[in-house]
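Beneath this line is the structure, given in structure tokens, with notes to follow.
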Amino acid sequence: MRILIAQASAAAKGGAENYAAALRHVLINDGHAVGTIDVRGHTPPGGKRSRLPLAITGRALWNWAQVCRALPKIALDYDRVILAYGEGPPLPVPTLTLRHSPTLFATDARLLACVGARPTGVRRAYIQLCRRVAGPIAGPHQTTTLCNTRWTAQICADVAGFPSDGILYPKVDRPTAPLNMRKPYRVLILGRIVPNKRIEDAIAVCETLHLQGFPIEVEVLGRADSRYARRLVAQLSRKAHVRVTPNANGATRARALAEARFGLHMFRGEHFGIAVAEMILHGVTPLVFDDGGICELVTTPQLRFRDTREAASKLAALCLRPDRADRMLTDLQRGAALNAAVNFDENALHVLRDWLDEGWVRHAAQ
């Protein structure tokens, strides 16, 4: 079957892009011919990329809006289309929508709060512009919908009025031979260096413990490709107990995961948390904000917090009782959501089976 995977920009290499790449790999291994489309162009199965007419690369939602505008015509050459970034246009072929967050184009304050955004006038105007460029958006009965966590599915149903047809957790690779060079007071902050990760709050938590006499060492590891990131990296590099490694390679990432004892993840309402899943698999005990799909990975209340004060208190408790931290980490490593993510390839085929079977029937009938 010919399947088109649509995303905003494959070059972004974030969670949504990695999810799409993993799904493409599964589908190709299952014998399908997979094409891709993003703001930089359309690449048919086995063909060369052609640019989208009048497309201008910009921020993520703007990129996706331009892809949505081009999709109805390009979709005619395919049996199936996967909207891998979120909601998109009604299409002339059966469509699967992957929702990583409850909604992309809504300006409602409740929905914006669910994705950690503020309902400012500028943000609303930007979303409305992107919505106009994208064109009509498919309703719940015009697409099959998969969500990346139960939390996302619940918000989609309760707030956005958009029911989910299933859950498919993002792919996380289990380390083949994780290293263990633990430093008892090393705290790792892992993930893209962007404002909503609240890295400054994590540093404040660690500085609170420093004042209490704990010899905390901090390592910040993540992609830094913005003015904000470069400014923050420069600021943190001046702190004696903080090591910042932007745009680290695989070996450096493995070393950081091997040395860290604890992880701090301050994102509020994280949809899943691939960085936290990696920490757990590598033997790093995480502390996370108590909201979002990330709570399906971190099910232990003692490892969740609602503000920086509580985060500092719980991190201090873990430092004082590392044996308890070990037991809680073992429980997380047995978690259902984590193991579903590790077994992504098998679960993807299982979840998509009905959708794919329907496609084969349609394809054979033509």
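The values are calculated or read from the model by the stated rules, or taken from the named source; none is laboratory data. Computed from a predicted model, the values in this text were never measured in an experiment. Cβ placement follows ideal geometry from the backbone for every residue including glycine, while neighbour counts extend to all protein chains displayed.
The helices (runs of 4 or more DSSP H) falling completely within the range 274-344 that include 1 or more residues that are closer than 17 Å to K171 by Cα map to 274-281, 322-333, 336-342.
A single member of A12, A22, A6 is in contact (Cβ under 8 Å) with a residue 40 or more places away in the chain, crowded, with 20+ Cβ neighbours inside 10 Å and among the small types (G, A, S), and it is A6.
Inspect all residues belonging to the range 193-206 and state whether any of them is surrounded by 15 or more Cβ atoms within 10 Å (Cβ to Cβ) and over 18 Å from F267 (Cβ atoms). Looking through the range 193-206, none of the residues is surrounded by 15 or more Cβ atoms within 10 Å (Cβ to Cβ) and over 18 Å from F267 (Cβ atoms).
Of the residues making up the range 39-81, those that are in a helix (DSSP H, G or I), touching a residue at least 12 places away in the same chain (Cβ under 8 Å) and surrounded by fewer than 17 Cβ atoms within 10 Å (Cβ to Cβ) are L76, D77.
Against the numbered list (1) assigned by TED's automatic domain parsing to the domain that holds R69; (2) assigned to a loop (DSSP other than H, G, I, E, B); (3) closer than 21 Å to R268 by Cα; (4) β-branched (V, I, T), I155 comes up short only at (2). Identify, from the list A224, A204, A240, the residue that is assigned by TED's automatic domain parsing to the domain that holds P322 and at pLDDT 95 or above. Selected residue: A204, the only one of A224, A204, A240 that is assigned by TED's automatic domain parsing to the domain that holds P322 and at pLDDT 95 or above. Taking I5, is it touching a Leu at 6+ places or on another chain (Cβ under 9 Å), farther than 30 Å from A248 by Cα, of a type in the set (A, V, I, L, M) and modelled with pLDDT of 95 or more? No, not satisfied. A single entry from T308, T330, T300 fulfils the requirement of being at pLDDT 95 or above and closer than 16 Å to A202 by Cβ: T308.
When each of A348, A256 is tested for being among the small types (G, A, S) and in contact with an Asp or Glu (Cβ under 6 Å, 6 or more places away or on another chain), the lone residue that passes is A256.
In the range 2-18, how many are outside any helix (DSSP H, G or I) and hydrophobic (A, V, I, L, M, F, W, C)?
5
Residues satisfying the criterion are absent from the range 150-158 (criterion: within 23 Å of A55 (Cβ to Cβ) and at pLDDT below 90). When the residues of the range 82-135 are filtered to those that are in a loop (DSSP other than H, G, I, E, B) and among the aromatic types (F, W, Y), the one that is farthest from the chain's Cα centre (by Cα) is F105.
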